[in-house]
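Novice: I am attaching a structure below and will ask some questions about it afterwards.
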Amino acid sequence: MARYFLTTAIDYVNSRPHLGTAYEKITADVIARYKRLSGFETHFLMGNDEHSQNVYRRARELGEEPLAYCDRMAQEFREVWARLEISFDDFIRTTEPRHRAGVTRMIERMEAAGDLYEGFYEGPYCVSCEAFKQEKDLVDGLCPIHMTKPDWIREKNHFFRLSKYQARLQAHFDAHPEFLVPEVRRNEILRLLEGGLEDISISRAGQHWGIPLPHDPSSVVYVWADALINYASAVGYGGDEQLFRAWWPANLHVIGKDITRFHCVIWPAMLMSAGLELPRQVFGHGWVHFKGQKMSKSLGTVLEPLEAADRFGPDPLRLYLVKEIPYGNDGDFSWERFEERYNVDLANNLGNLVSRVAAMVDKYRNGVLVAPAAGPGRLAQVAAEAAAAYGTAMDGFALHEGAAAAFRLIDATNEYIAETQPWALAKDPGRSAELDLALHDAAEAVRVAAVLLQPIMPVSAVEILRRVGGTGTTTEPRIADAAWRNAARTIIKGEPLWPRLEAPKSTPSQGARQS
Ligand code: ME8
């Protein structure tokens with residue numbers, strides 16, 4: 001079976017997950033579930049980035065031991081991800097021994113390649129970015145991402161000869177246009193490469209919260225070098241060679257657009273230096289704003305993803321984020337818009353369709369459908385087209401188009417019911433075969449749509465399949481299940497999946513919270 005190894009960024013744990021970090025995990029989860037649906041043996045890695053100064057400071061502020069604090073936060077992160085139905089296969093923490101082994105091995109390999117040297121670093125350092133900055137990166141002396149004044153640091157550091165890899169990186173980008181998508185991110189990095197690369201500091205002096213540099217244990221490995229290596233250490237690098245051979249290189253790193261330089265310049269150069277293959281692809285997604293405002297932990301305007309999940313379950317939030325934001329672009333979340341989409345897409349459209357079909361089958365056929373002798377009818381073609389468009393979109397990470405393709409089938413099914421008017425057919429015993437066909441095909445179209453929506457709405461898709469799928473329905477569908485089935489089945493009635501919100505009120509109690 002073909003394998004697919006994908007990862008997300010690992011999160012700083014100085015505060016809880018917010019809707020922006022959840023957006024990344026949800027969209028990566030949709031890709032992971034789509035790969036499983038498509039028959040890949042999938043390994044989906046997530047984790048926490050713990051060796052940051054911010055994490056250390058936050059623990060100290062709370063009077064906690066940093067490691068105990070990280071243990072607690074790991075629990076909190078895992079709980080949030082579980083509530084959002086994120087199906088990760090592994091969760092790495094950078095304080096784990098397996099990670100330390102991987103970091104130590106990679107730094108040793110880079111040292112052995114002659115790529116590390118001792119030097120002196122003086123310049124601005126943004127602790128929120130955990131990044132050495134250049135004067136030219138600052139706007140009015142501030143970090144443009146966090147709007148804070150960077151620290152000025154002077155320290156003896158170990159440098160990595162990043163400049164040595166400029167030509168090889170350029171060649172890699174030329175040979176592999178798919179390496180960094182979408183195009184807009186690739187162009188940013190190409191411009192950066194054209195501007196020339198400088199060597200970078202790869203250690204921090206005088207700190208002990210981190211992984212000691214193998215050849216100078218008085219320093220720790222710079223947190224970004226440490227963090228990037230998680231993708232390799234999680235699959236055995238430096239510990240379990242067999243596991244590493246099975247999964248490396250990663251097929252896809254899903255990351256935010258603010259950290260493409262780390263993933264598409266520094267990380268590939270580190271891998272080249274250590275003699276390892278590069279990941280096949282990096283996807284740099286856009287940012288989610290909250291009511292038009294930038295949402296970030298350090299700016300203090302965050303929305304807890306669980307607020308939406310607590311009120312409606314995970315699926316409406318997942319659908320909103322996937323369907324309403326073209327993947328790769330920035331997007332916005334507001335309660336007004338969320339509730340509007342909930343009513344339109346779920347309560348009035350898909351949810352209503354599932355209920356109507358079940359009610360009609362119950363009323364006119366006692367819940368039992370036969371395989372219509374005259375079938376399949378015209379919806380079969382619409383379903384085949386939707387499934388094909390969905391596959392093309394999802395393969396190209398156009399997740400929003402994948403969702404839209406499934407909803408085209410749902411819309412067409414609603415229209416089909418309006419046109420065939422099963423309630424009128426039911427009045428005429430002479431049109432019994434037409435009624436069988438209309439009811440069967442409406443139910444079958446809903447089943448196909450549920451298979452396509454499973455990666456996006458895993459909980460409700462399985463429930464819809466249970467209601468309309470009949471025997472042979474599994475809780476883990478495969479893409480082959482999206483093929484039209486002319487088959488007898490029993491339809492199960494149930495509670496409305498998404499009750500309509502009658503007077504959509506704006507916002508919730510808490511709205512934007514201070515982190
Ligand atoms: O950057 N919208 O961690 P992090 C969309 N530890 N994505 C967002 C977002 C928003 N409003 N805010 C943050 C780090 N993200 C490092 C990564 S990987 C080796 C180390 C994304 O907790 C952000 O772009 O600051 C990043 O991909 C992820 O959330 C974690 O951010």
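The values are calculated or read from the model by the stated rules, or taken from the named source; none is laboratory data. Note that the coordinates shown come from a computational prediction; the quantities given were computed from them, not determined experimentally. Glycine gets a Cβ as well: all are built from the backbone with ideal geometry, and neighbour counts include every protein chain shown.
Novice: Mind checking which pairs have a first residue in the stretch 217-229 that is away from the ligand (no atom under 13 Å from the Cβ) and a second that is among the acidic types (D, E), Cβ under 9 Å, 6 or more apart or different chains?
Specialist: Pairs that qualify, where the first residue is away from the ligand (no atom under 13 Å from the Cβ) and the partner is among the acidic types (D, E), are S219/E155; V220/D226.
Novice: Still on this model: Mind listing whichever residues of the stretch 364-374 are touching a strand residue (DSSP E or B) at 6+ places or on another chain (Cβ under 6 Å) and part of a loop (DSSP other than H, G, I, E, B)? Explain how you work it out, then say what you get.
Specialist: At the first step, the residues of the stretch 364-374 found to be touching a strand residue (DSSP E or B) at 6+ places or on another chain (Cβ under 6 Å) are 367-369.
The one that is touching a strand residue (DSSP E or B) at 6+ places or on another chain (Cβ under 6 Å) and part of a loop (DSSP other than H, G, I, E, B): G367.
Rundown of residues vs (1) under 30 Å from A2 (Cβ atoms); (2) at pLDDT 95 or above, yes/no style:
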site: I26; (1), (2): yes, yes
site: D29; (1), (2): yes, yes
site: R33; (1), (2): yes, yes
site: E41; (1), (2): yes, yes
site: L62; (1), (2): no, yes
site: V80; (1), (2): no, yes
site: F88; (1), (2): yes, yes
site: E96; (1), (2): yes, yes
site: Y121; (1), (2): no, no
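Novice: May I pose another question? Output the number of the condition that P279 fails; it satisfies all remaining conditions of (1) within 25 Å of P326 (Cα to Cα); (2) within 12 Å of the ligand (Cβ to nearest atom); (3) not in a loop (DSSP other than H, G, I, E, B).
Specialist: With respect to (1) within 25 Å of P326 (Cα to Cα); (2) within 12 Å of the ligand (Cβ to nearest atom); (3) not in a loop (DSSP other than H, G, I, E, B), P279 is out only on (3).
Novice: Identify, please: which residue in the stretch 433-472 is surrounded by fewer than 24 Cβ atoms within 10 Å (Cβ to Cβ) and at pLDDT below 95 and is, among those, nearest to S87 (Cα to Cα)?
Specialist: In this case the residue turns out to be G472.
Novice: Right, something else. Name the single residue that is nearest to V13 (Cα to Cα) among those in the stretch 42-71 being within 25 Å of the chain's Cα centre (by Cα), surrounded by 19 or more Cβ atoms within 10 Å (Cβ to Cβ) and more than 14 Å from the ligand (Cβ to nearest atom).
Specialist: Per the criteria, the residue is F44.
Novice: Could you tell me whether any residue of the stretch 285-293 is assigned by TED's automatic domain parsing to the domain that holds R245, modelled with pLDDT under 85 and either in contact with a Gly (Cβ under 6 Å, 6 or more places away or on another chain) or buried (at least 18 other Cβ atoms within 10 Å of the Cβ) (or both)?
Specialist: Within the stretch 285-293, the subset assigned by TED's automatic domain parsing to the domain that holds R245 is 285-293.
Filter again for modelled with pLDDT under 85, leaving 291-293.
Still in the list and also either in contact with a Gly (Cβ under 6 Å, 6 or more places away or on another chain) or buried (at least 18 other Cβ atoms within 10 Å of the Cβ) (or both): none.
Scanning the stretch 285-293, I find no residue that is assigned by TED's automatic domain parsing to the domain that holds R245, modelled with pLDDT under 85 and either in contact with a Gly (Cβ under 6 Å, 6 or more places away or on another chain) or buried (at least 18 other Cβ atoms within 10 Å of the Cβ) (or both), so the answer is no.
Novice: Collect the residues in the stretch 485-515 that are in a loop (DSSP other than H, G, I, E, B), in contact with a strand residue (DSSP E or B) (Cβ under 7 Å, 6 or more places away or on another chain), surrounded by fewer than 17 Cβ atoms within 10 Å (Cβ to Cβ) and at pLDDT 90 or above, keeping them in residue-number order.
Specialist: A488
Novice: Just to verify a result, which residue in the stretch 473-484, among those that are surrounded by fewer than 18 Cβ atoms within 10 Å (Cβ to Cβ), touching a residue at least 12 places away in the same chain (Cβ under 8 Å) and of a type outside the set (A, V, I, L, M), is nearest to L409 (Cα to Cα)?
Specialist: Looking at residues that are surrounded by fewer than 18 Cβ atoms within 10 Å (Cβ to Cβ), touching a residue at least 12 places away in the same chain (Cβ under 8 Å) and of a type outside the set (A, V, I, L, M), I get R478.
Novice: Restricting attention to helices (runs of 4 or more DSSP H) lying wholly within the stretch 388-458, give those where 1 or more residues are in contact (Cβ under 8 Å) with a residue 12 or more places away in the chain and touching a strand residue (DSSP E or B) at 6+ places or on another chain (Cβ under 7 Å). Write out each step before concluding.
Specialist: Working: elements: 399-420, 422-425, 432-453.
It comes to 399-420, 432-453.
Novice: Right, another one. So in the stretch 151-171, with the set limited to residues that are touching a Ser or Thr at 6+ places or on another chain (Cβ under 9 Å) and closer than 19 Å to Q53 by Cα, which one is modelled with the highest pLDDT?
Specialist: This residue is H158.
Novice: Identify, by number, the condition in (1) more than 27 Å from P458 (Cα to Cα); (2) within 11 Å of the ligand (Cβ to nearest atom); (3) in contact with a Ser or Thr (Cβ under 8 Å, 6 or more places away or on another chain) that G239 doesn't meet.
Specialist: Unmet condition: (2).
Novice: Within the stretch 277-293, is even one residue over 25 Å from A398 (Cα atoms) and in contact with a strand residue (DSSP E or B) (Cβ under 7 Å, 6 or more places away or on another chain)? Quick ask: steps written out before the conclusion?
Specialist: Pass one, the stretch 277-293, residues over 25 Å from A398 (Cα atoms): 277.
With in contact with a strand residue (DSSP E or B) (Cβ under 7 Å, 6 or more places away or on another chain) added as a condition, the list becomes none.
Taking every residue of the stretch 277-293 in turn, none turns out to be over 25 Å from A398 (Cα atoms) and in contact with a strand residue (DSSP E or B) (Cβ under 7 Å, 6 or more places away or on another chain).
Novice: Since D330 meets every condition but one in (1) within 24 Å of E130 (Cα to Cα); (2) more than 15 Å from the chain's Cα centre (by Cα); (3) not assigned by TED's automatic domain parsing to the domain that holds F173, which condition does it not meet?
Specialist: Condition (2) is where D330 drops out.
Novice: Hey, could you check the stretch 1-10 for residues that are surrounded by 22 or more Cβ atoms within 10 Å (Cβ to Cβ) and not β-branched (V, I, T) and say which is farthest from the ligand (Cβ to nearest atom)?
Specialist: Start the filter on the stretch 1-10 by keeping residues that are surrounded by 22 or more Cβ atoms within 10 Å (Cβ to Cβ), which leaves 4-10.
Going one step further and asking which of them are not β-branched (V, I, T), we end up with 4-6, 9.
On the way: Y4: 19, F5: 15, L6: 13, A9: 3 Å.
Here the answer is Y4.
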